[in-house]
Amino acid sequence: APGERTRRDRWRTEHPQLAAHSPRSRASQDLREDQDPLVEPAARRGKISGAPQRQAKEHDAIVGERNILSSQLIRREAELAKIYEKIKIHWSSLQHGEARYQE
């Protein structure tokens, strides 16, 4: 409505300090920045509230822990393979010794 727009414009001219901080103006400014291809994605991410940043930090910590556990598991599996190989060799030696003893 044209009359409403003029009242809004008049209010903005009378209260410029409040108009700049209104939710509508912040939302439209955020929308313009999100549509601007020159705005860096990191700058957009900087506007993310604390909860998603905390979740991203927790995610990074969990991924790091997963990588550490994965490398430990690989080392332990290799160690286990060596132990089983030794057991196999000792078992073969025992069977060979038992066969010679039987002779």
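The values are calculated or read from the model by the stated rules, or taken from the named source; none is laboratory data. Bear in mind the structure is a predicted one, so any value in this text is a computation, not a measurement. Each accessible area value is taken on the protein alone, full model and side chains, heavy atoms only, with ligands, DNA and RNA left out. Shrake-Rupley method; radii C 1.70, N 1.55, O 1.52, S 1.80 Å.
Some observations on this one:
- Phi-based couplings in Hz for the stretch 91-103 (Karplus 6.51, -1.76, 1.60; Gly and Pro marked x): 4, 5, 5, 4, 5, 5, x, 5, 5, 5, 5, 5, 6
- Solvent-accessible ranking of Ile83, Ile74, largest area first, probe 1.4 Å: Ile74, Ile83
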